[in-house]
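Novice: This is the structure I want to talk about, given as structure tokens.
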């Protein structure tokens, strides 16, 4: 009937935004998939759910028998619940014995993961949303928070309204609604944020704003490989190699990044670079850096994550209330499911597949021979779809995502999925371009129609109850996986009843974290509370990592970056390298992607909500007004956008909510009046 925010939840404090308030309407679209469908003679026909599940299991068995276990794969997303992802990982990695498990969070969060790992040794954010109330300065790196994280952004605005001298700095490639609310907006050329971050560090050192006590005790310096390529070809392989260097080596490296030099690379005025450096360097200001897809979907995404960490480490503004770098996750459980329970080819619910100790733990808990769990990762997301096209993968089960819209270089993968000897299973709630290529469609329950858990960016696990029954034959995805697993002969590993399986899965999963310094909250506690942050030790949540005041795993009286062997955080020497492609005479424009408030990714759900669909009924392309005038384009007219890989037609938006610059000049674009 209606939705309201949970006033007991510390994340939103009872507030929703436009998609949240209207989310209930996604249950009732006229074309909701309520019955299983199977392709016969080129047409999708309705069949009983049991028959569809039988067919899925039979095709998996046949594929494994004829082509080997690595010919089957599953692809999910950050919309998988924790139970969904855990069950998928257990079935494929533990029982079938293939590491062909991936999720779309690979596309959006891989840089965040590798940034955490390379700088701190653990893929675990150190801060929390409480930082918002303590901070004096917020710098959003390529992040339109007003539309991408509007509830969190409202908390930034509330902080500024109630405290004196709070600043929001929008650092981006175009003007957005975030720019309008910011105190200052600074635009940069795509990927030149690498150079700007190094220039900020240059200024911090030049002005002696370095927190020497922190750096000397808690930081080490390292150089990695450069000119590594961009991974746009099949079977791309890259392995970074860390070389320990001195602070003096780092200082020399930064000499190429004086603000005046970087101004010519980035289009950011030198005085604006110095202004941002002064904010980070001011010992009386607490600073939080927020970013999401702008950095994490960058062709040097790991590097820019490292470089923003470098800034915070140089000034010691990390792991304390109001000080920290924060990579925001977009999907409801990209962190809690994909990164926690191991739905990436190299991961397990604890540790990685290449680690023998981690494999033995998984084998013991899953009750499978350790030999079942391969120590070698197979395909990351993009390579998985390449393998589908090449024929190395013959069977793919796609759940809670729409890759036949979202994948890069899409035409290749759509054609690959349609090849004669490929078999595609799709678990969905509405028809999508992905279900269009399916051989079997399994009707699925939405989160409100089932029980489960999500995990957010601040390491908060949130339990949700089933509130309404699913329509028709729609089934929880976790139970779909269990039904197929049993048909494959794995009754022993999946013994749970339909009444208690979510609780049983949670209780099994947290055995991976049964460590005195790193436990997860019990099921009963999660039922009682509006989310619990982990590690949850002795009844206490951990809000800030690596700080012994708050983190039970940290030793000593000061910071302890225990993820690294030297128990120090690493500052990396990462250079500016240009994007894989830049404008030229044949393709003279940049194409950047963004997000809009009203819709979620490919609109497979939100376009079924009438008010959201009416607000933004179709995709559009934002064009600088001078470029539009030169090309004879008016607002709302249709334009064809063509790249080296494809073409599409959209309507033009000129001087709308997003305003791209014609070029990136050396000036600030917008300063909010005081």
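We did not get these values from a lab; they are worked out from the coordinates using the rules stated. Computed from a prediction, not measured in an experiment: that's the story for all the values here. A quick note on method: Cβ atoms are made from the backbone with ideal geometry, for glycine too, and the neighbour counts reach across all protein chains shown.
Novice: Alpha carbon centre of segment 487-512 versus segment 466-484: separation in Å?
Specialist: If we compute the Cα centre of each part, the gap is 15 Å.
Novice: As an exercise, use a Förster radius of 56 Å and the Cβ-Cβ distance of residue 468 and residue 577 to find the FRET efficiency, rounded to the nearest 0.05.
Specialist: Calculated transfer efficiency: 0.65.
Novice: Which whole-number percentage describes the relative contact order of segment 561-674, with Cα contacts under 8 Å and a sequence gap of 6 or more?
Specialist: Working: 88 pairs, mean separation 20.1, N = 114.
Once divided by the residue count of segment 561-674, the mean separation gives 18 percent.
Novice: Over the chain, what is the relative contact order in percent, taking alpha-carbon pairs closer than 8 angstrom and at least six residues apart?
Specialist: Worked out over the chain, it gives 22 percent.
Novice: Turning to a different aspect of this structure: Quick check: pseudo-label points 7 Å beyond the Cα along Cα→Cβ at residue 2 and residue 517, how many nm apart are they?
Specialist: Placing both labels 7 Å along Cα→Cβ, they lie 4.9 nm apart.
Novice: If I stretch the segment between residue 50 and residue 648 completely, what's the gain in nm (0.36 nm per residue apart, minus their alpha carbon distance), one decimal?
Specialist: 211.3 nm
Novice: Please give the residues of segment 475-503, grouped as numeric ranges, whose backbone N is less than 17 Å from a label point set 7 Å along the Cα-to-Cβ vector of residue 527.
Specialist: 497-503
Novice: Is the C-alpha gyration tensor of segment 310-420 telling us rounded, prolate or oblate? Criteria: a/c under 1.5 is rounded; beyond that, a/b larger than b/c is prolate, otherwise oblate.
Specialist: It comes out oblate by the Cα gyration axes.
Novice: If you don't mind, there's one more thing I want to ask. Which shape class, rounded, prolate or oblate, goes with segment 381-497 when its Cα gyration tensor gives a ≥ b ≥ c as root eigenvalues, a/c under 1.5 marks rounded, and past that a/b bigger than b/c marks prolate? The partial results should precede the final answer.
Specialist: On the way: a/c = 1.80, a/b = 1.51, b/c = 1.19.
Verdict is prolate for segment 381-497.
Novice: Right, something else. Stick to Cα atoms and the Kirkwood definition of Rh, then tell me Rg/Rh for segment 619-662.
Specialist: My calculation puts Rg/Rh at 0.96.
Novice: Here's another thing I want to ask about it. Multiply the residue separation of residue 592 and residue 356 by 0.36 nm, subtract the distance between their alpha-carbon atoms, and state the gained length in nm to one decimal.
Specialist: 80.8 nm
Novice: Once both axes come from the Cα atoms, what is the angle between helix 381-390 and the longest principal axis of the chain, in degrees from 0 to 90, rounded to 10?
Specialist: It is inclined by approximately 50 degrees.
Novice: Now, a different point. To the nearest 10 degrees, how steeply does helix 270-281 sit against the main Cα axis of the chain, on a 0 to 90 scale?
Specialist: 70 degrees
Novice: Quick one: what Rg and Dmax do you get for segment 85-206 from the alpha carbons, in Å?
Specialist: When restricted to the Cα atoms of segment 85-206, Rg and Dmax are 18.7, 59 Å.
Novice: So between residue 18 and residue 233, what do we pick up on full extension, going 0.36 nm a residue minus the alpha carbon distance?
Specialist: 73.4 nm
Novice: If R₀ is 45 angstrom, what is the calculated FRET efficiency for the pair residue 496 and residue 122, using the beta carbon separation as r and rounding to 0.05?
Specialist: 0.90
Novice: Give me the distance between the Cα centres of segment 391-441 and segment 318-358, rounded to whole Å.
Specialist: Computed from Cα coordinates, the inter-centre distance equals 26 Å.
Novice: Beta carbons within 10 angstrom, averaged per residue: use that to sort the peptides 644-656, 422-434, 590-602, highest first.
Specialist: Ranking, from highest mean packing down: 422-434, 590-602, 644-656.
Novice: Note the angle between two axes, namely the Cα long axis of helix 356-366 and the longest principal axis of the Cα atoms of the chain, as a number of degrees from 0 to 90, rounded to the nearest 10.
Specialist: 40 degrees
Novice: OK, next. At what distance in nm do the modelled label points of residue 271 and residue 158 sit from each other, each positioned 7 Å from its Cα along Cα→Cβ?
Specialist: Once both label points are built, they end up 3.7 nm from each other.
Novice: Here's another thing I want to ask about it. Which label belongs to the value computed from this structure, given these candidates for Cα extents along the principal axes in Å: (i) 92, 67, 43; (ii) 87, 77, 59; (iii) 69, 66, 49?
Specialist: Of the listed options (i) 92, 67, 43; (ii) 87, 77, 59; (iii) 69, 66, 49, (iii) comes from this structure.
Novice: Compute the relative contact order of segment 431-583 as a whole-number percentage, counting only Cα pairs closer than 8 Å that sit 6 or more residues apart in sequence.
Specialist: Computed over segment 431-583, the figure is 15 percent.
Novice: Something else about it: Under the classification rounded if a/c is under 1.5, otherwise prolate if a/b is larger than b/c and oblate if not, where does segment 1-111 fall, given a ≥ b ≥ c as square roots of the Cα gyration tensor eigenvalues?
Specialist: Taking the square roots of the gyration eigenvalues as a ≥ b ≥ c, segment 1-111 is oblate.
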